[in-house]
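Input: a single structure, listed below in structure tokens.
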Amino acid sequence: MSPQFTEAWGTTYLQIIITLLIFAFGIPALSFQLIVPEEIRNILFRHIKINKRLIFTIVFILWSIVILFLFTLVFIWYLHPSPGSILPPWKHLTAGSLITIALIFTILCWLFSLWKFSRKRVINDLERNLWKEFSKSGTLSEEIIIDLISIGEISEAGHRKELVLNAVNRLVQKVQTIERYTGCELEELMRNFVKILANREKPGNEDNYLLAVKILGNALSRLYQHKNFTSLDVNLVLRALERLGKASVELGYDNTPQIILEIAISDTNAFYQIGLSALKYKRFLVAVATLNRLEALALEKLPLTMEEGSNLLGLIAHFWTYGASTKRRAKSFIELNKNNFAPSFKECLNYAIEYHYSVAQFDTADKLIIMLNEIKRKK
């Protein structure tokens, strides 16, 4: 006999169904808010049109809710008492098992869906979308690059930033190994690369910095292997190394700037900027190592021309005016190599003053003037 519903029974069942629906819709939404970080949620919503995983997950959750709802209706129909009938124990057990299985299935669906929104999987999705876009158009999507970089920028130091760095590393390797790579396809990626680590609120640790330097060093090495010395990507990689060097000095990391000095090979501008940063933050070992590197490069190309000596003389001027001991270090180089400048040391100094003035490095220009005047008075 079919169950007979009364007004009281109908109201009770309606309340049960509404409660289950609220539970089924509310718990996944609440879990999504609590478990999935804000930056991941924002990226998922921005890419909802192309993120098949998000669409699939939403459909998956809706189906789990529908199944839970149907099981609930069966449960109600199965256990509702008919007039004059007594339910056997096995019916109670079957009905209880039925709704338990439905609840477990729904919870597993939720957990599986949240797992698909993990940081690692979202990063891999962005990497995959970038490569697909590049394969089709030959360019890396600026929008997706910004999303990928922003995850690294906001992430905590250590493993979380490493996930983004590894994704960037794989992308760089893929792009650089295709035949049509010309040396300018990584522009947007390299312009934003340092943001992953140089966030003042959440900076990378030294292991993150060392991994980033390794990625840039390998990219630079691949460019040089293909006799590509002047492309846009070369310049951007060198500028990224420069910025990483300055940021690592500020954070007090010792190994990173030393390794950059070896990787950058002959980029005097990078050495000059790292040396200034080292003096500013009193990282004197790094400052001296940088000056040594600039001096070594200069001595390889004797006589030293005005163009080649500008950054070296600029850093020496900062040593000269910083303090008594650093001034002594600057004097020792000038006394030993004063005659190695062409056409003359004085003309090279004047050229360096004009050079640094022209690029708005007024502090360096001022210190060069101070050094020049003191050398003149000494005579």
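Where a number appears in this text, it was derived from the coordinates with a stated rule and is not lab data. These figures come from a predicted structure and were not determined experimentally. A quick note on method: Cβ atoms are made from the backbone with ideal geometry, for glycine too, and the neighbour counts reach across all protein chains shown.
Charges were assigned to the Cβ only: +1 to each Lys and Arg, -1 to each Asp and Glu. The resulting dipole of the stretch 118-240 about its Cα centre is roughly 260 debye. Label-to-label distance, residue 301 versus residue 184, with points set 7 angstrom from Cα along the beta-carbon direction: 2.5 nm. Modelled this way, with points 7 Å down the Cα-to-C-beta line, the labels at residue 173 and residue 332 are 4.3 nm from one another.
Taking 0.36 nm per residue of sequence separation and removing the Cα-Cα distance, the residue 201/residue 254 pair yields an extension gain of 17.0 nm.
A straight line joining the Cα centroids of the stretch 243-285 and the stretch 176-191 runs 26 Å.
Under a 5 Å amide H cut-off, with hydrogens placed 1.01 Å from N, residue 341 pairs with 304 among residues at least 5 apart or on other chains.
Modelled spin-label separation between residue 235 and residue 18, with each label point placed 7 Å from Cα along the Cα-to-Cβ direction: 6.7 nm. Loop-located GluC sites (Glu not before Pro) across the stretch 272-373 with a Cβ neighbour count of 12 or fewer within 10 Å are 300, with loop assigned by DSSP. The loop-placed trypsin sites (Lys or Arg not before Pro) in the stretch 167-272, going by DSSP, that have at most 13 neighbouring Cβ atoms within 10 Å of their Cβ come out as 180, 200, 227. Placing +1 on each Lys and Arg Cβ and -1 on each Asp and Glu Cβ, with no other charges, gives the stretch 283-379 a dipole about its Cα centre of roughly 520 debye. Sketch the reach of a paramagnetic label on residue 359 as a point 7 Å from Cα along Cα-to-Cβ, and name the residues of the stretch 312-327 whose backbone nitrogen lies under 17 Å away. Backbone N within reach: 312-319.
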